[in-house]
Each structure stands twice: as C-alpha cells, then as structure tokens.
Amino acid sequence: MKTILVDAWNTFVTEKGMDYDLKKLLDSYPNPKIILTNANKQECITYGIVNMPYEVFSLEHKPNKTDKAYYLKMLSHFKLKPTEVVYFEHNAEAINSASSVGINTFPYNKEENLGGLRVFLKNNLD
C-alpha cells in the first residue's frame, strides 16, 4: 500500500488553518499519510502545523524540499522507495526535486484542484 506524502504549508495548512475538505478526501483512503514541511519547531507553531492528524516530517531547512536530498533523506528515514509513495505539493521547485528522485508528484493548487487531486489519488494508489 502506497504512502501519501502531503505538502504542509499552503496545501494542508493555510493561514485559515487545516483544510478540512482535503483532510476528508485523504481520510477516505486507508493509506498511511505523512505531512512534509521545511519548517523548524518554532515555525511549525507559528504556521499552525501542530496537532496534525498525520505524522509530520521535517529536516528543518537542512535541506529544504527544493533540494532532492530532502526526499532521499525522507525516504531513507521511513525505509520507503520512490515507487512506494505518491506526493502532492504546491511549490514548483519542490515538485521538480521530488520528481527527480522518482516520486510520482501531483502539482496541487488549493484554489482549484481538489477534484484533480481526487483523480490523481484514485489512479495512483493501490
């Protein structure tokens, strides 16, 4: 069963708090979920990335998600292969970095494509 990697800031969490429509969609899948962020502990508090319903993973900017090393370290930490995860992310540079290590990544825009994400997950999860 593939793990769903979830972008934290400006995707799962915004200035308005947690996106409950997105959470409802994710909760409709039994797959494990991991929230990915660059934030350090203080930034997690500042941005509201606390008390999350899924595990939160951060390398605290060492490096950021725009560096493919972030994804290699994350995969190693969880003992996962790129083929064992799917990911959705709003930042184009982070999307490119994740894709460069073989992670199937969906470019997510919180304003317009919850439906697109639904199709991506349906077509890419086992």
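The values are calculated or read from the model by the stated rules, or taken from the named source; none is laboratory data. The model shown is predicted, which means the values in this text are computed figures rather than measured ones. Neighbour counts are summed over all protein chains in view; Cβ atoms, including those assigned to glycine, are modelled from backbone coordinates with ideal geometry.
Key figures
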item: Count of region 47-61 residues which are more than 14 Å from the chain's Cα centre (by Cα) and charged (D, E, K, R); result: 1
item: Neighbours by Cβ (under 9 Å, 6+ apart or cross-chain): first from region 71-96, at negative phi and free of Cβ contacts under 8 Å to residues at least 40 places away in the same chain; second of a type in the set (S, T, Y) and assigned to a helix (DSSP H, G or I); result: Y71/S97; Y71/S100; P82/Y71
item: Leading residue by the ranking (farthest from F78 (Cα to Cα)) among those in region 1-19 that are without any contact (Cβ under 8 Å) to a residue 60 or more places away in the chain and in a strand (DSSP E or B); result: G17
item: Filter result for the condition that a residue is of a type outside the set (S, T, Y) and buried (at least 18 other Cβ atoms within 10 Å of the Cβ), over N38, N10; result: N38
item: Failed item in (1) part of a loop (DSSP other than H, G, I, E, B); (2) over 26 Å from G115 (Cα atoms); (3) among the hydrophobic types (A, V, I, L, M, F, W, C), with I49 passing the rest; result: (2)
item: Hey, K122 basic (K, R), touching a Pro at 6+ places or on another chain (Cβ under 9 Å), outside any loop (DSSP other than H, G, I, E, B) and modelled with pLDDT of 95 or more or not; result: no
item: All positions within region 58-92 that are farther than 20 Å from L25 by Cβ, touching a strand residue (DSSP E or B) at 6+ places or on another chain (Cβ under 7 Å), crowded, with 17+ Cβ neighbours inside 10 Å and not hydroxyl-bearing (S, T, Y); result: K65, M74, L80
item: Residues of region 67-100 that turn out to be under 22 Å from E111 (Cβ atoms) and not in a helix (DSSP H, G or I), as a count; result: 6
item: Check on L22, assigned to a helix (DSSP H, G or I) and modelled with pLDDT of 95 or more; result: yes
item: Verdict on Y29 being outside any strand (DSSP E or B), surrounded by 14 or more Cβ atoms within 10 Å (Cβ to Cβ), in contact (Cβ under 8 Å) with a residue 40 or more places away in the chain and touching a helix residue (DSSP H, G or I) at 6+ places or on another chain (Cβ under 7 Å); result: yes
